[in-house]
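Here is the structure we will look at, set down as structure tokens.
The values are calculated or read from the model by the stated rules, or taken from the named source; none is laboratory data. All of these numbers come straight from a predicted model, not from anything done at the bench. Don't worry about glycine lacking a Cβ; one is built from the backbone with ideal geometry, like all the others, and counts go over all protein chains shown.
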């Protein structure tokens, strides 16, 4: 190898390593943003919706009831991850122009709703395709909710948009 070739190869390797490191940082941030730990669920939801809005070009709105104090960490994490997965599904499948997120206290429960104006889907058809991993995101959202004592409901129709609604017991941080 000539000296110039070695320098070019080294520069290419450094560029690839920098790109890979940036991707890993972005993925880590997406999985658990420091905002969730530092400022709480509302701030983390606003941040992730803003990021998705910029990337996808959606019109978005977020409405949150003020939480009197911080939720238990497992509730915050489950709620945040379900919102992320719902937004990922909108990005991948819905062809939506608008997405609304709400976080409400209803009685003794916390209710997260992610609504889009996209094309909707046939839930029965998706349920019958688990071997193709088509419904893995839906299954993981249901499992996340159930693990913290919550539940997940999906309302959709072919061509009529989708609403993912996760309900959690109100548990506060000690």
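Tallying residues that are under 14 Å from the mean Cα position of the chain (by Cα) and crowded, with 20+ Cβ neighbours inside 10 Å within the range 106-120 yields 4.
Matching residues to (1) buried (at least 19 other Cβ atoms within 10 Å of the Cβ); (2) assigned to a loop (DSSP other than H, G, I, E, B); (3) in contact with a strand residue (DSSP E or B) (Cβ under 9 Å, 6 or more places away or on another chain); (4) modelled with pLDDT under 95:
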{"site": "62", "(1), (2), (3), (4)": "no, no, yes, no"}
{"site": "69", "(1), (2), (3), (4)": "no, yes, yes, yes"}
{"site": "79", "(1), (2), (3), (4)": "yes, no, yes, no"}
{"site": "88", "(1), (2), (3), (4)": "no, no, no, yes"}
{"site": "92", "(1), (2), (3), (4)": "no, no, no, yes"}
{"site": "104", "(1), (2), (3), (4)": "no, no, yes, no"}
